[in-house]
Every structure is written in structure tokens, then in C-alpha cells.
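Novice: Shown below is the structure under consideration.
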Amino acid sequence: MSETATTQKPVSFKELGFVNTREMFQAAMKGGYAIPAYNFNNMEQLQAILTACSRSRSPVILQVSKGARDYANATLLRWMARGAMEMMKEMGKPVPVALHLDHGDSFELCQSCIDNGFSSVMIDASSKPYAENVALTKKVVEYAHPRNVTVEGELGILAGIEEHVSSEKSHYTDPKDVEDFVKKTGVDSLAISIGTSHGAFKFKVKPGEKAPPLRFDILEAVEQRIPGFPIVLHGASSVLPGYIEMINKFGGKMEGTAGIPEEQLRRAAKSAVCKINIDSDGRLVMTAMIRKVFSEKPDEFDPRKYLGPAREELIKMYMEKNEKVLGSAGRC
Ligand code: G3H
Ligand code: 13P
Ligand code: ZN
């Protein structure tokens, strides 16, 4: 489904009803909370994210990865996102929503997203040598800023799968680099590596064991060097044990996994961390609920009967995140 109409006229995010991340981050910094950045690939996830954030009055960043864009088709995705904004308006007073490219890996991809109504893009050149990371990030900023689109860069590499880069070990961000990077590139926010990790298999743990604590010392050193600058945490799913249990109970096999403890995310959200990325927890909720329906009703074959309950459970989970983890509920 990756073919895309390239003849379309560029569309600005404002026409689609989105906002960039600038004001969101300023408010989050002042208020001691973080904006949720939830990934979506399909209609049910998109509905759930916007319904949950509208109900909990939380600003939100709708995140689309390169893989999600290929899966859903770039043109359809743009209209889906626009349709979701219209749906939210009908639900009452809309909350601020940014449409963000997650882990953009080239200038061309970022450019295409900007021309297709994204209000924010990430250029992830963190696996390249420092000078290349600076040059590519700066190039994206130079295209984005005249269009009022905000840009996230990254320094350091997370463990786990980071788009097409897979790393067994974290390469923590070196606080010495951050000032230079921010100054030379002009980015609006910076993703750093302090021990979070992508995916559902972040850390191998034995039953009852917890994940190793995040490196708050690195975060503090970064904050000292670039005070008041918005920091982003990727790989921040908690791999919620209740859903892992449900998956395993209903025929799945996901053992020895652990995510980032919620209290550590809450602590991070109170600092300069203004954006927290969560994808895997949503995937786990959907999988757990679909497995449950399939197991309890083996004759069920109407997708609405298993995607519907999955969507309801997603709404519940996102609302809990906004209220108890990010602190973003009731902020708009
Ligand atoms: O950080 C990566 C996100 O979870 C997106 O994953 O590339 O499989 O869509 P994806
Ligand atoms: P998780 O895999 O922990 O949900 O991280 C998602 C993410 O960082 C998206 O960019
Ligand atoms: Zn990520």
C-alpha cells in the first residue's frame, strides 16, 4: 500500500487543523508535565488516541513512523488524520493536536511529510557520525522552519530497534554535545538516550525483577547545559504487565519482558522532558484484547467484534497514561 500520489499540491498543517509543537512544549515545560506522543497505523488506534485525549483534555502528538506511512498509504493517512480532527470537533471542544513524523531517516521523507500536512518531523540521524547528524538535521530545519513546522533531532542511540537501526546496547547521549548540536542545527527539541529502549522486549528480566533505572544523572547534565530546552524520551512504553499476562493467558508467548516503570516516567515528565513516545503499549493492548475475544468466542469472525473491544481498551489505557504518567490530562 505504499504507492503515493506525488502530484498533489503541498498542503500546510494549518489547513488540516493541526498545530506545531512549539507552544505545547512551552506549556509542558512550565506546567511540569509531558505531551503524549502516541503512534498509530490504523483507524482504530487513531480513533482511540483522539477520543482518549479529548476526554481527558490532553494535548497530543499523533505519531506516524515511516513504516506506518507505507502501511496505511501516505495520501490516505493525511485524509484519515484530517477526518479524525473533524471527528474530534464534533465530539466537543478540540484539544491541540500535532501530526508528527517519527524517526524520519532522510531529508526527502521529512520534506514529503511537511508537504503533506505534518506539523512536526523528527530527523533521526543519530546513528551517523556527529558531523553528518548535524548537517542533515540542519538541512531539515532549513526546509521546515519557513513553513512553521517544528523539528526533533536525536543524539545518542537507544537499545532495541530504532527504525532500521538495531542496537543491543544503549549508547547514552553525551551531555557535552548537546549545546553545540542545538546551536548548529536549530532544532526545536532533542531526543536523548538515558536508558529507555524501543519495543516490547526492552530488558530481559526474571519473574519479579525490574528494569534497570533510567540515567537521571545524564538528563540533569543535559538540562544544565541547555536549560529550558524541550527534551524527548523515546522507547517509553511500560510494557504493562496486566496485558502481557492476558496475552500469555490467551495463547500468546511473551516472556521475560519489562518496560520503563511508570514512576520513572512521571519523574521525567516533571523535568525538561516535554514529549514521551509510546507505541508498544498500544500494540500490546490491541493484541491482548483481540486474543481474548478469539479465545473466548472462537466462532467470531466480524472484525468489528474484536477491533471494537480493542479500541475501547486502548481509550482506557491512553486516558490512564495522560492522567497518571504524563500529567497531561486537564491541561487544555
Ligand atoms: O520507534 C519506533 C516506533 O515504535 C515505530 O515502529 O517502525 O514498527 O512503525 P514501526
Ligand atoms: P516504545 O516501543 O517503548 O513504545 O517506544 C516508541 C517510540 O519510541 C516511538 O518513537
Ligand atoms: Zn522512537
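The values are calculated or read from the model by the stated rules, or taken from the named source; none is laboratory data. Because the structure is a prediction, the values reported are computed rather than measured. For neighbour counting, all protein chains shown are included, and Cβ atoms are generated from backbone atoms with ideal geometry for every residue, glycine included. Surface areas here come from the heavy atoms of the whole protein model, side chains and all, with no ligands, DNA or RNA. Shrake-Rupley method; radii C 1.70, N 1.55, O 1.52, S 1.80 Å.
Novice: Residues being over 21 Å from the mean Cα position of the chain (by Cα), free of Cβ contacts under 8 Å to residues at least 40 places away in the same chain and open to solvent by 20 Å² or more (accessible area, probe 1.4 Å): count how many of those fall in the range 250-268.
Specialist: Number of matching residues: 2.
Novice: Of all residues in the range 105-120 being assigned to a loop (DSSP other than H, G, I, E, B) and touching a residue at least 60 places away in the same chain (Cβ under 8 Å), which is surrounded by the most Cβ atoms within 10 Å (Cβ to Cβ)?
Specialist: Residue satisfying both the conditions and the ranking: PHE118.
Novice: Now, a different point. Looking at the range 265-299, which of its residues are of a type in the set (S, T, N, Q), assigned to a helix (DSSP H, G or I) and within 13 Å of ligand 2 (Cβ to nearest atom)?
Specialist: SER280
Novice: Before we move on, is ASN277 in contact with a His (Cβ under 9 Å, 6 or more places away or on another chain) and not small (Gly, Ala, Ser)?
Specialist: Criteria met by ASN277.
Novice: Enumerate the pairs (first residue in the range 132-158 and open to solvent by 60 Å² or more (accessible area, probe 1.4 Å); second residue anywhere and part of a helix (DSSP H, G or I)) with beta-carbon separation below 7 Å, excluding pairs fewer than 6 apart on the same chain, so at least 6 apart or on different chains.
Specialist: Every condition considered, the pairs that remain are LYS138/LYS184; LYS138/THR185; LYS139/PHE107; ARG147/ILE114.
Novice: Continuing with this model, one more query. Within the range 213-224, can one find any residue that is surrounded by fewer than 24 Cβ atoms within 10 Å (Cβ to Cβ), among the basic types (Lys, Arg) and over 21 Å from the mean Cα position of the chain (by Cα)?
Specialist: No, every residue in the range 213-224 fails to be surrounded by fewer than 24 Cβ atoms within 10 Å (Cβ to Cβ), among the basic types (Lys, Arg) and over 21 Å from the mean Cα position of the chain (by Cα).
Novice: Output the number of the condition that TYR243 fails; it satisfies all remaining conditions of (1) touching a His at 6+ places or on another chain (Cβ under 8 Å); (2) farther than 24 Å from ASN133 by Cβ.
Specialist: All conditions are met except number (1).
Novice: Among (1) assigned to a helix (DSSP H, G or I); (2) touching a strand residue (DSSP E or B) at 6+ places or on another chain (Cβ under 8 Å); (3) within 16 Å of ligand 1 (Cβ to nearest atom), which single condition is MET88 missing?
Specialist: The failed condition is (3).
Novice: List pairs: first in the range 199-225 and under 26 Å from GLY32 (Cα atoms), second among the small types (Gly, Ala, Ser) and more than 16 Å from ligand 2 (Cβ to nearest atom), Cβ under 7 Å, 6+ apart or cross-chain?
Specialist: LEU219/SER271; GLU223/SER271; GLU223/ALA272
Novice: Then there's this: Can you say whether LEU136 is outside any helix (DSSP H, G or I) and either in contact with a strand residue (DSSP E or B) (Cβ under 8 Å, 6 or more places away or on another chain) or away from ligand 3 (no atom under 16 Å from the Cβ) (or both), as far as the supplied structure shows?
Specialist: no
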